[in-house]
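**Student:** Got a structure for you, questions after.
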Amino acid sequence: MHICYFSSIVHLPTFTYNGSAPGKEAPITKDTMKESKKDTKQELYNAFLALLDTQPYQQITVTEIVKACNVHRNTFYYHFRDKEDLVLQLMQDETEKVLSGQTAAQSLTDAVRNALVFLKDHEESVSKLFNGINISILDTFFHDVLLHQISLYLRKVTENKEVSSQDVHTLAQAGAFLVEGCLFHYLQNGEPLSSSLDTFLSEVESTAQGTLSLMLDRIDAKNRTTAASTHHSAY
């Protein structure tokens, strides 16, 4: 109470440190604290993925993860409920990275490559996750990133076609499911994508590209016919 009373009647000078004085540390702000938490979270991700390169998912412990990061066990539980929650948040963060990109690929193959950056960088880890966690986590991740990249590509190639945004979304969904099915086939059979990626993408091009192109042409022709008929009826 005395302190509050004193401060209410005495106006103490306020000093603001701008970080330029020698021998002084920069002030801790909300932004720096946020970045620090973000860095720690990424370090936990990296430690987990490094461990996953050398052992099955089921054998990795929280103790090993925090030891590899040289952080306290409580730090792990500040960010994650458990090991599966780490994987879930990792996939969500990777999804956000892909979804932040708004540049359309030049081909369907490039669109798929853009969506599968995480897989290409961590193929061994993803393969072990595929066989060690709730498959719906990976299913959601791959579908979302594929849908986004394929949608960007289709919007670009349909600029001069009579194809609605709903048609594009439906076709992108079909393309994402098709590519995802091929991808899961490879992962389920334990085939290394690093050595067979070209084969995988060739399958994508020959199957998905042909299927989507055919569907696009049919929708375009149907919509043009409908538009022409409506225009003729107006007269």
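We did not get these values from a lab; they are worked out from the coordinates using the rules stated. Keep in mind the model is a prediction, meaning the values are calculated, not measured. Here the Cβ positions follow ideal geometry from the backbone for every residue, glycine too, while neighbour counts run over all protein chains shown.
**Student:** In terms of the Cα gyration tensor, with a ≥ b ≥ c the square roots of its eigenvalues, is the stretch 33-80 rounded because a/c is under 1.5, prolate because a/b exceeds b/c, or oblate?
**Tutor:** prolate
**Student:** From the square roots a ≥ b ≥ c of the eigenvalues of the alpha-carbon gyration tensor of the stretch 82-227, which class results: rounded (a/c under 1.5), prolate (a/b over b/c), or oblate?
**Tutor:** The shape class here is prolate.
**Student:** Kindly flag which residue pairs out of 41/67; 67/120; 41/83; 120/161; 97/161; 38/97 have an alpha-carbon separation exceeding 22 Å in this structure.
**Tutor:** In this structure, 67/120; 120/161; 97/161 lie more than 22 Å apart at Cα.
**Student:** Same structure again: Among 130, 184, what is the fewest-to-most ranking by other Cβ atoms within 10 Å?
**Tutor:** Ordered from fewest to most neighbouring Cβ atoms within 10 Å, 130, 184 come out as 184, 130.
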